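Please treat every number below as a calculation from the coordinates, not as lab data. Computed from a prediction, not measured in an experiment: that's the story for all the values here. Positions of Cβ are backbone-derived with ideal geometry, glycine not excepted, and every protein chain shown enters the neighbour counts.
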Amino acid sequence: MTIEFAAQALMKRGLISRENYRTIMSKGNAHRARLQKLHDASYQKRPQLPHYPVSPAEVIASFAFEIQGKKESMVTEDLITEVLAADAGLEYRKIDPLKLDLEVVTSHIPRPFAQRHLVIPVEQKDGVVTLAVADPFNLDAIESLKTARRMKIRLVLSSKSDILKTIREFFGFRASITAAEAEMTPGVDLGNLEQFVRLKGQGEIEATDQHIVNAVEYLLQYAFDQRASDIHIEPKKDKSFVRVRIDGLLHYIHTVPRPIHAPIVSRIKMLSRMDIAEKRRPQDGRIKTNYRGKDIELRVSTLPVAFGEKVVVRIFDPEVLLQDLDNLGFYPRDFQVYNSFIRRPNGIILVTGPTGSGKTTTLYSTLRTLASPDVNIVTIEEPIELVVEEFNQVGVQQALGVTFANILRTILRQDPDIIMVGEIRDQETADNAVQSALTGHLVLSTLHTNDAPSAIVRLLDLGVPSFLLSSTIVGIVAQRLVRKICPHCKRERRLTEDEIENLQLVKKQYQVSYGEGCLECRGTGYRGRTGVYEVMDFTDRLRAALTDDIALGKLYEIARADGMLNLRRVATKKMLEGITTYEEVVAVT
C-alpha cells in the first residue's frame, strides 16, 4: 500500500483538501525518510526487535492536518487506517486493551510471528479467530498461519501503533508470568484457606526474579498508558485478578495464576520498602517512578484477605493533583467565593466529601496557588499523598503515637503561616485546629460529610462550641467528581417527564447530551472527570444563627438564602451545559 493510495482515499472522502494532497505527494518521501531514521535509531537500542518500515498512515499522520471542515479534529493514524480498511473491504478495529483476553492474544500465534508480520489475535468466537493486521495484503503470512494452525481466520485492520503496543504489553506480561510459573515448585500455600497442605517445603520464587520484575514493570506501564488511578491485585481461590480504575470505574485486565500472586506482591512490597516477610498485617508504602518525562508517585497498600494479600497501588500524577484552581470545575461565583476564602490571613476552610471525591486535588491545588518564598506551608497527612518541595509535609504514624493532634500542637512552634490537616477525625484535632485559627493561622482540612452544612453539625458533635466555630470558620466546600461526556460520540436527547420531575426543573422540555459509546471512550460514553462544588460562605447571618443545637435544616435554609447552590443543582447545571449526563447527576449527588 503506497502513500499515494492512502492520500487519494482520504481526499475522495473529503477528509483532506486537494492542497493537503499535493503537500503529501511533494513532501511524503522526505517525511518517510525522516521518520524511518528516527525508527532506526530506536531499533538500534533494542536489537531484539524486528525492523519495521514506516507505514503510509504514519507518514500522512505526521503532517498533522486538520480534517477538512472540522477545526481541532486531526487526521490521525487511526482515522487513516479506518479509511484504508473500508477501501480494502475489511472491518476497522480500534484495539482496546481492556477488552482483550490475555489467553486469546497469546495462545494462538508465537510472539516472533506476531512481531514479524504485525498480526495479533483480538477475539475468538464460534471457532473463528479474529486477527488484527496492519497490512491486509500480507496474504502469504495469513495463509501460512491457517495451514500451520488449522484454524478459521477472520481479518480486521488495525493501526500499526496499536498492534505493536498490544504485542509489547500482552506478550511481555504473558511471557514473564509463564516463565515465572514454570520456575515455581509446588509448596504450602499459606494464603489460600481452602487449599490442601502439601508435604513439601515452601517454594516461593524470590522477589528479585527477573520474570516477576518484568511482569510488574509491564503492569505499571499498562496502567500509566490507560490513565488509571488505581491498580488492584486480588487473590482468589484458584487465581488472582488484576483490575484498574479508570475515570472512577474498575475494569478487569488480567488473570494471574495462583502461584505467581505471592511473588508479584513481594516484588511490589520490595519496591515500596515494605516488610516482605510480614504477611498478616496491613502495610503501607510508596514508590516514585518516571513516565514519559514526568515524575509519578505510587502509594501502595496491602491487606490480608481470605486467600492472601490484596494489593492496591494508587497512582498520583502531579499534573492531576496540582492544577490551576480555575481548571477544577468551579463556576465563576463559586470560584470567586472560594478564592476569597483562601486569601484570608486566618481561619478554617473545610473541604468535605466521600473518599475519591477529589478533596486531595482541591487542597493540593489550593496550597500550590498559595505557595511562595515568603509563606511557610506545613501539611499533616496520613499518608503523604504526593511529595511537593514547596510544602513542609509531615506523615502521621499512629503506631508510634504520632497523631494529627500532637503533630498539630508541635507545628504551632514551627512558625507556620498555612496549615493543612489531612482530616479532622476527633475532638482533640478539631480543638487544635480551632486554636491554630484563633492564633492567626490559615487552616485547611477535610471532613467526611455528604454536604457543606453537615460539616458544622459534625464539628458540633465532636464537641467544638458553637461560639468558637463562629469565630474561626471561613467557609466550607462539599465536592464530587462527575464523568464528562466523551466529545467523540456526543449525542443529544430530551429529558423525560419523570427525569424533569426528579431534578425538580421548571420547564417542560430540556435538551441534554449523552455519550453513545465509541473507541475513544471504550464504549462507556465518558472520558475524564470534572469537579462539582457546593460552596458555603460562612456569612454574618450564619454566624449570628449558629448555636450548639442548631438544626441542619436551618443551616441549609440560611446557606441557600445567602447564595449557596447545592451539589444537585450544580451537577444539573453541568448536565444542561452538555458537560455530563442525567445518569451521572443522579448517581453522584
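All other residues whose Cβ lies under 15 angstrom from that of residue 480 are scored, Lys and Arg at +1 and Asp and Glu at -1, for a net of +2.
Take the Cβ-Cβ distance between residue 412 and residue 502 as r, set R0 to 35 Å, and report the resulting FRET efficiency rounded to the nearest 0.05.
Values: r = 49 Å, r/R0 = 1.39.
So, using R0 = 35 Å, E works out to roughly 0.10.
Separation of segment 376-431 from segment 487-538 is 39 Å, based on Cα centroids. Around residue 358, under 10 Å between beta carbons, what's the net of Lys plus Arg minus Asp minus Glu among the other residues? Summing Lys/Arg as +1 and Asp/Glu as -1 gives +3.
Is there a pair in 99/310; 12/94; 237/288; 99/359; 239/279; 94/237 whose C-alpha atoms are over 25 Å apart, and which pairs would that be? Let's see the in-between values first.
Working: 99/310 23 Å; 12/94 22 Å; 237/288 32 Å; 99/359 31 Å; 239/279 18 Å; 94/237 34 Å.
Table pairs above 25 Å Cα-Cα are 237/288; 99/359; 94/237.
Label separation (residue 34 vs residue 295): 3.4 nm, computed from points 7 Å beyond Cα along the C-beta direction.
What is the sum of charges, Lys and Arg at +1 and Asp and Glu at -1, for the other residues whose Cβ falls under 12 Å from the Cβ of residue 422? The partial results should precede the final answer.
On the way: positive: 359, 425; negative: 381, 382, 385, 423.
My count for the surroundings of residue 422 gives -2.
Against the set (i) 209; (ii) 142; (iii) 160, the structure's computed volume of the Cα convex hull per residue in Å³ falls on (i). Once the C-beta distance of residue 23 and residue 492 is scaled by a Förster radius of 41 Å, the resulting FRET efficiency is 0.70 to the nearest 0.05. Amide H to amide H, with H built 1.01 Å from N, residue 230 comes under 5 Å of 245, 315, counting only residues 5 or more places away or on other chains.
Karplus-derived 3J(HN,Hα) values for segment 444-454, using 6.51 cos²θ - 1.76 cosθ + 1.60 with θ = phi - 60°, are 10, 7, 10, 9, 8, 10, 7, 8, 5, x, 5 Hz; glycine and proline are entered as x. Here's the list of lysines a cross-link from residue 573 could span, going by alpha-carbon distance under 18 Å and ignoring same-chain residues fewer than 8 apart: 484, 490, 507, 508. Counting only alpha carbon atoms, the long axis of helix 77-88 and the longest principal axis of the chain meet at about 40°.
Between residue 376 and residue 149, how high is the FRET efficiency from 1/(1 + (r/R0)^6) when r is the Cβ-Cβ distance and R₀ = 41 Å? Nearest 0.05. The calculated FRET efficiency here is 0.05. Among 26, 161, 176, 144, sorting on how many other beta-carbon atoms sit within 10 Å of each Cβ, with the fewest leading, yields 26, 144, 161, 176.
Explain nothing, just the number: dipole magnitude of the chain about its Cα centre with +1 on each Lys and Arg Cβ and -1 on each Asp and Glu Cβ, in debye rounded to the nearest 20. Intermediate results must be reported in sequence, preceding the final value.
Details: 78 positive and 76 negative charges, 334 e Å.
Magnitude of the dipole: close to 1600 debye.
Modelled label positions at residue 101 and residue 137, each set 7 Å beyond Cα in the direction of Cβ, lie 3.4 nm from each other.
Would you calculate a helix-derived [θ] at 222 nm for the chain, using -39,500 (n - 2.57) for each DSSP H run of n ≥ 4 and dividing by the full residue count, to the nearest 500? Kindly include the intermediate steps, with their values, before the conclusion.
On the way: 23 runs with 232 residues, N = 589.
Dividing the helical sum by the residues of the chain leaves -11500 deg cm²/dmol.
Sorted largest first, the principal axis extents computed over the alpha-carbon atoms of segment 321-458 equal 43, 36, 28 Å.
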